[in-house]
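Input: a single structure, listed below in structure tokens.
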Amino acid sequence: MTLAPQTPETPAAEPLELLRTMLEEQFALHTNRLTDLTVYGRLPGHGGYDPRTLEALAAASRQAIAETAGALRRMSEGTYGVCEDCYRTIPLGRLRVVPHARHCTQCRQHRPD
């Protein structure tokens, strides 16, 4: 009886694709939100927003876009899900909660905010 050679399966491949989809959706959501906020900022009444609030919301959207883009870049480079400090695998549970995470929970606790 001959056994067919088995192709090694990556157990994280399916969750990784789900995380990629989540990140792509978040990127689109934050990009659309920033576009809307930019338009509101140019309207005479600022779309009903206080200018300072509008700027804070836009800054938060820019930050979210940068974090999401960074995670997608790390995916394409093959470094996604690896802690930037200790180089250990970031647990899947953490990535599900914070898909743009760059550090494992233990290293994150030791980093200044």
message: Checking the condition at pLDDT below 95, in a helix (DSSP H, G or I), farther than 23 Å from E17 by Cα and basic (K, R), which residue from R62, R96, R108 passes?
response: R108
query: Just checking, how many residues over the range 19-58 are under 16 Å from R74 (Cβ atoms) and either touching a residue at least 24 places away in the same chain (Cβ under 8 Å) or among the aliphatic types (A, V, I, L, M) (or both)?
result: 7
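Yes or no, residue by residue, for (1) at pLDDT 95 or above; (2) part of a loop (DSSP other than H, G, I, E, B); (3) surrounded by fewer than 16 Cβ atoms within 10 Å (Cβ to Cβ):
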site	(1), (2), (3)
L16	no, no, no
L23	yes, no, no
Q26	yes, no, no
L34	yes, no, no
G41	no, no, yes
P44	no, yes, yes
message: Being over 10 Å from the mean Cα position of the chain (by Cα), of a type in the set (G, A, S) and surrounded by 13 or more Cβ atoms within 10 Å (Cβ to Cβ) is the requirement here; does G93 meet it?
response: no
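The values are calculated or read from the model by the stated rules, or taken from the named source; none is laboratory data. Computed from a predicted structure; not experimentally measured. Reconstructed Cβ throughout: ideal geometry from the backbone, glycine too, with neighbour counts over all protein chains shown.
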